[in-house]
Amino acid sequence: MSILLTGFGPFPGAPFNPTEPLVIELARRRYPPNVRRIGHVFRVTYETVDRELPELLAQVRPDALLMFGLAGRTRHVRIETRAQNAIMHIVPDAGGRLPVTATIVQEGPDALALRAPTQKLVMAARATGVPAAASRDAGRYLCNYLCWRAAEAADAPRLTAFIHVPRVFPPTMRRANDPLKAKSGHQPLLTLDDLIEAGEAIVRAAIAALRSPSW
């Protein structure tokens with residue numbers, strides 16, 4: 001079994017994208033031993049996704065594609081259920097490209113479903129103590145764009161999921177959930193370690209789903 005794990009690099013407004021170290025760490029792990037994990041980090045540009053995603057799917061032929069992206073305004077992990085045929089045409093990507101249309105494809109459905117055991121992935125993340133929920137809105141930026149391109153791919157894996165994670169402090173900074181912040185009355189931010197633990201639980205839940213006769 002092969003699991004393809006993807007994340008994104010930094011982009012305007014997010015000089016530290018936790019999905020990059022998250023995916024690198026998840027791909028490094030070797031459990032279960034008979035499952036191959038392949039990690040890949042996309043540059044946050046439309047051209048990069050259009051070029052590299054088809055190449056990855058053709059080369060790896062994964063049984064599952066687990067994509068991770070940053071949702072800086074949320075405080076919990078979001079398991080996306082669909083990609084929307086919408087694109088933010090007023091915000092450029094990391095390469096400076098500004099889309100000229102408000103939709104990804106001119107003639108197509110309003111949304112495409114992602115084939116994943118959403119509730120099982122949500123419960124797996126919650127079991128680690130990390131708040132998580134299903135989501136129907138993957139945004140209008142590169143995360144949603146990647147969701148759409150993955151969902152429409154002719155060689156899409158049996159399981160295709162997108163996981164939005166919240167913003168965390170870089171590892172070199174003070175832990176985001178230190179006691180002083182908790183005493184201030186604000187909800188503590190998650191740490192990169194929290195995201196790695198939740199991400200590992202999601203990977204294992206995806207593997208279990210693929211092995212289930214009902215999947």
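The values are calculated or read from the model by the stated rules, or taken from the named source; none is laboratory data. Quick caveat, the model's predicted, so the values are computed rather than measured. Using ideal geometry, Cβ is built from the backbone for each residue, glycine included, and neighbour counts are taken over all protein chains shown.
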Is it true that some residue in the stretch 108-121 is modelled with pLDDT under 95 and within 19 Å of residue 152 (Cα to Cα)? yes
Of all residues in the stretch 26-61, which are part of a helix (DSSP H, G or I) and touching a strand residue (DSSP E or B) at 6+ places or on another chain (Cβ under 7 Å)? 26, 27, 48, 49, 52, 56, 60
If you go through the stretch 193-215 one residue at a time, how many are free of Cβ contacts under 8 Å to residues at least 12 places away in the same chain and part of a loop (DSSP other than H, G, I, E, B)? 3
Could you check how many residues of the stretch 75-92 are in a loop (DSSP other than H, G, I, E, B) and either within 21 Å of residue 25 (Cβ to Cβ) or among the hydrophobic types (A, V, I, L, M, F, W, C) (or both)? 6
Scanning the stretch 145-157 for residues that are at pLDDT 95 or above and in a loop (DSSP other than H, G, I, E, B) gives 153, 157
Examine the stretch 63-73 for a residue that is closer than 23 Å to residue 204 by Cα and assigned to a helix (DSSP H, G or I), and state whether such a residue exists. no
Within the bounds of the stretch 166-175, is there any residue that is of a type outside the set (D, E, K, R) and modelled with pLDDT of 95 or more? yes
Can you name every residue in the stretch 77-119 that is in contact with a strand residue (DSSP E or B) (Cβ under 6 Å, 6 or more places away or on another chain) and touching a residue at least 60 places away in the same chain (Cβ under 8 Å)? 77, 78, 79, 80, 82, 83, 84, 94, 116
Yes or no: residue 130 hydrophobic (A, V, I, L, M, F, W, C), touching a residue at least 12 places away in the same chain (Cβ under 8 Å) and exposed (fewer than 13 other Cβ atoms within 10 Å of the Cβ)? no
